[in-house]
1. Exactly one condition in (1) on the phi > 0 side of the Ramachandran plot; (2) over 16 Å from the mean Cα position of the chain (by Cα) is false for Gly70; which is it?
2. Which condition does Phe41 not pass, out of (1) modelled with pLDDT of 75 or more; (2) over 18 Å from Val67 (Cβ atoms); (3) within 19 Å of the chain's Cα centre (by Cα), if it passes all the others?
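The values are calculated or read from the model by the stated rules, or taken from the named source; none is laboratory data. Everything numeric in this text was worked out from a predicted model, so none of it was measured. Heads up, the Cβs are rebuilt from the backbone with ideal geometry, glycines too, and the neighbour counts pull from every protein chain shown.
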Amino acid sequence: MGGTRPLEPAPDSPEARQRKAAGAWVGSLIFALFLLFLVVFDAQAVYQQVWPNVAGITVFTVLLLIVPTGVARRLRRVLSDRKPPKPPAG
C-alpha cells in the first residue's frame, strides 16, 4: 500500500528550498575544514623549510579556492574581452 511513506515536497515549494539551504552549509563546512588542513600543512612545510612542498601545497590551495568560486570563469571572460578583434580575412 502506498500510504506508508511521507510525501516529498514539490521542488519549487518553500519546504524543498529550505531543505536544500539547510544542507548547503555542510558542504561549505567540509570544504573550509579541508582548506584549513591545507593551510596548516603548508605552514608546517614552511617551518621545516621544505620549499617544493610549500609551492605545491600553495598552488593546490589557490586552485581549490579559484575553481569553485567561479573566479576562473570571470578571469577567462575578462581576458577574452581584452583580445583585439581579428582583422577581416581578405
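1. (2)
2. Single failed check for Phe41: (3).
Conditions (1) in a helix (DSSP H, G or I); (2) exposed (fewer than 10 other Cβ atoms within 10 Å of the Cβ); (3) in contact with a Gly (Cβ under 8 Å, 6 or more places away or on another chain); (4) among the charged types (D, E, K, R), marked per residue:
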{"site": "Ala32", "(1), (2), (3), (4)": "yes, no, no, no"}
{"site": "Phe41", "(1), (2), (3), (4)": "yes, no, no, no"}
{"site": "Ser80", "(1), (2), (3), (4)": "yes, yes, no, no"}
{"site": "Pro88", "(1), (2), (3), (4)": "no, yes, no, no"}
